[in-house]
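Contents: one structure, followed by commentary.
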Amino acid sequence: MQLSEQEVVRREKLGKLRELGINPYPAPMYPVNATSKSIKDDFQEDKKVIVAGRLMSRRIQGKASFAEIQDSEGRIQVYFNRDEICEGEDKTLYNEVYKKLLDIGDIIGIEGTLFTTKVGEKTIMVKNFTMLSKALKPLPLPKQDAEGNIYDEFNDPELRYRQRYVDLVVNPKVKETFIKRTKITNSIREFYNERGYLEVETPILQPIPGGAAARPFLTHHNALNIPLYLRIANELYLKRLIVGGFDGVYEFSKDFRNEGMDRTHNPEFTVMELYVAYKDYHWMMETTEKLLEKVAIDANGTSKVTVGENEIEFKAPYARVPILEAIKIHTGVDVAGMDENELRETAKKLGLEADETMGVGKLIDEIFGEKCEHHYIQPTFITDYPKEMSPLTKEHRSNPALTERFELMVNGKELANCYSELNDPIDQRERFEEQLRLSEKGDDEAMFIDQDFIRALEYGMPPTSGIGIGIDRLVMLMTNNSSIQEVLFFPQMRPEKKPLQLSENEKAIFDILKKEAKIELSVLKEKAGLSNKAWDKGIKGLTKQKVANVFKEGDVLFVTISE
């Protein structure tokens, strides 16, 4: 492991602390009785406090020093005075430990008394401090010059998401996002619990990936010697509980879909699903309006939320637009009653890709998604989807070609999906069989036939309405974040690239290559200024490690950095 100069120095300090008999990672409980926030909220001069946190800044001035420590609730100023800390002749604790062996990022415990500085800053006078954890890597703290310009901010998304623990320490707003996420889920729980609905848990590993049209992750259970799938939805298990006699159940579930990744999709995501007996999708629209209005107020203190350049109003009621009417409004084409071939031709005329594996449902979904969805910024219920799009949904009471379903669109994206749930077992079997035909045509997102779920329906499921709300997208809206990675503590990422281990010759060549998109081999050799032997070793080493790519154009050899 190659260490930076600062990391080497910190390890040397670690050794010196141990030589002084100080354990840099002590085991005993540290008796914290206050936080930065509680001190500021209830400040009393001369009050004794015990706090702990991370050393974030300090200004040493001889035998005195002002510093800042950061705990879970913010920062507070602390004042180190040599004679307060070291009452006797031995000044080692201040002169050696504090001044020389402590570093920014170290976690320390402080016992002291409160006082106010001449400029009115609430401060802790340190009477004693304890090393609680020595930081061996330096924090990437931003610096500010005299003009107020900030440098060295820790804002590279690749590093922030991969090292979220650092991100949380140095970027306070990131922590606020995740605190607000918990407020949002607590608000939803409170709303449903007040209405008597039961929070439950259902299997993540499932023999059949049901409840949605999506590509699943496949694994294998060794003891049972069977394939299992990570759930793509928890719908079918929750409806089994409605069959079993519960009137209302909900679950915050981790779902998994083996599909693409972008700013609004992660392969592992959180959905809240609710199912209530004896209700329909009209009731669920009204309930969802009340829920989201409450969530917005609980999270932000108002029903109005700023998302990018838009102000979104979550106060009820929300607009209701049938999906076929939405397509007609935004494309000028009435697709109602079109068969598969007509829809495919319509999609192509609208400039969309439409292959032979796509049935009626997928074609309408593609047209709406590409041509209509982005228009719905304010919360809007898109309703009454064609039957082919909704294999788990009850047939519309006034139009047998449609279903009683809505999707809630906010800021141009789907936030929630709801059905008047299909409870006719014969109809359900026919819908599953149609999905099987789509699968045989090559649709790898078509649903499996779940025989046990059909059996459950045959025992009788009461009329039920169910909804799934994407929690990650809801948090994005409520925290004004445009990327799902910003609201997940640890988003899925590609494996971290190992640092390049380059020889001096290879590094000399690579440093030149970094400044050139493409360079002639002969020019690169000349700029490197290496002997023939060193040059040969260097360029061969870079191509062997696939760092550099040598190729021919005409009679000339060129070099680029490999992607």
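Some observations on this one:
- Amide H to amide H distances under 5 Å link Tyr385 with Thr403, Arg405, where only residues 5 or more positions off or on other chains count and H is placed in the peptide plane.
- Rounded to the nearest 20 debye, dipole of the chain from Cβ charges on Lys, Arg, Asp, Glu: 2640 debye
- For segment 1-57, the list of GluC sites (Glu not before Pro) that fall in a loop by DSSP and count at most 15 other C-beta atoms within 10 angstrom reads Glu45.
- Segment 267-292 versus segment 132-170: alpha-carbon centroid distance in Å: 40 Å
- 3J(HN,Hα) along segment 86-93: 10, 6, x, 6, 6, 9, 4, 4 Hz, from the Karplus curve 6.51 cos²θ - 1.76 cosθ + 1.60 with θ = phi - 60°, whole Hz, x for Gly and Pro.
- Accessible surface, 1.4 Å probe, highest first, among residues Leu230, Leu17: Leu230, Leu17
- Cα-based shape type of segment 521-563, given that a ≥ b ≥ c are square roots of the gyration tensor eigenvalues and the cut on a/c is 1.5: oblate
- Compared with the dominant Cα axis of the chain, that is its longest principal axis, helix 425-440 is turned about 70°.
- Applied to segment 479-491, the Karplus parametrisation 6.51 cos²θ - 1.76 cosθ + 1.60 on θ = phi - 60° returns per-residue 3J(HN,Hα) values of 10, 6, 10, 9, 10, 5, 4, 6, 10, 10, 4, 10, x Hz, with x for Gly and Pro.
- Protein-only accessible surface at a 1.4 angstrom probe places the residues Lys328, Lys127, Lys497, Lys180 in the order Lys497, Lys328, Lys127, Lys180, largest first.
- Within segment 91-194, the GluC sites (Glu not before Pro) that combine a DSSP coil assignment with at most 15 other C-beta atoms in a 10 angstrom radius are Glu121, Glu147, Glu153.
- Listed by chain and number, the aspartates and glutamates whose alpha-carbon sits under 16 Å from that of Lys173, ignoring those within fewer than 8 places in the same chain, are Asp71, Glu73, Glu153, Asp156, Glu486.
- Here segment 221-279 is described by how far its Cα atoms reach on the three principal axes: 38, 37, 13 Å, from widest to narrowest.
- Pairwise Cα separations in segment 194-252 fall into 10 Å bins from 0 onward with the following percentages, short to long: 22, 43, 27, 8, 1.
- Whole-Hz couplings from phi, Karplus 6.51/-1.76/1.60, listed for segment 140-147; x for Gly and Pro: x, 7, x, 10, 10, 8, 5, 7
- Three-way shape call for the chain based on the alpha-carbon gyration tensor, with the a/c threshold at 1.5: oblate
- Normalising the Debye intensity of segment 158-295 to I(0), with uniform scatterers on Cα atoms only, and taking log10 at q = 0.13, 0.18, 0.21 Å⁻¹ returns -0.76, -1.17, -1.29.
- Axis of helix 360-371 versus longest Cα principal axis of the chain: the two differ by about 50°, to the nearest ten degrees.
- Centroid-to-centroid separation of segment 238-254 and segment 315-337 [C-alpha atoms, Å]: 31 Å
- Between the Cα long axis of helix 172-194 and the first principal axis of the chain there is an angle of about 40°, rounded to the nearest 10.
- Of Lys134/Lys180; Lys362/Lys387; Lys143/Lys180; Lys63/Lys118; Lys254/Lys294; Lys239/Lys279, those spanning more than 21 Å from alpha-carbon to alpha-carbon: Lys134/Lys180; Lys143/Lys180; Lys254/Lys294
- Segment 315-470: antiparallel DSSP beta bridges as a percent of all, rounded to 5: 80 percent
- For segment 437-498 and segment 55-102, distance of Cα centres in Å: 52 Å
- Cα-based reach from Lys507 at 16 Å (exclusive), listing aspartates and glutamates while leaving out same-chain residues under 8 positions away: Glu516, Glu526, Asp536
- The accessible area of Arg189, taken with all protein chains in place and a 1.4 Å probe, comes to roughly 70 Å².
- Accessible area in the full protein assembly, largest first, 1.4 Å probe, for Lys552, Lys173: Lys173, Lys552
- Computed with every protein chain present, the accessible area of Tyr197 is close to 30 Å² [probe 1.4 Å].
- Accessible surface of segment 391-436, 1.4 Å probe: 48 percent of it comes from carbon and sulfur atoms.
- Projecting the Cα atoms of Ile467, Phe217, Tyr385 onto the charge dipole of the chain (Cβ charges, centred on the Cα centre) puts Phe217 farthest toward the positive pole.
- A prolate overall shape is assigned to segment 477-563, the ratio a/c of its alpha-carbon gyration tensor axes (a ≥ b ≥ c) being 1.5 or greater and a/b exceeding b/c.
The values are calculated or read from the model by the stated rules, or taken from the named source; none is laboratory data. Bear in mind that the values here come from a model prediction, so they are computed numbers and not experimental data. Backbone-built Cβ (ideal geometry, glycine too); neighbour counts: all protein chains shown. Accessible surface areas use protein heavy atoms only, side chains included; no ligands, DNA or RNA. Shrake-Rupley method; radii C 1.70, N 1.55, O 1.52, S 1.80 Å.
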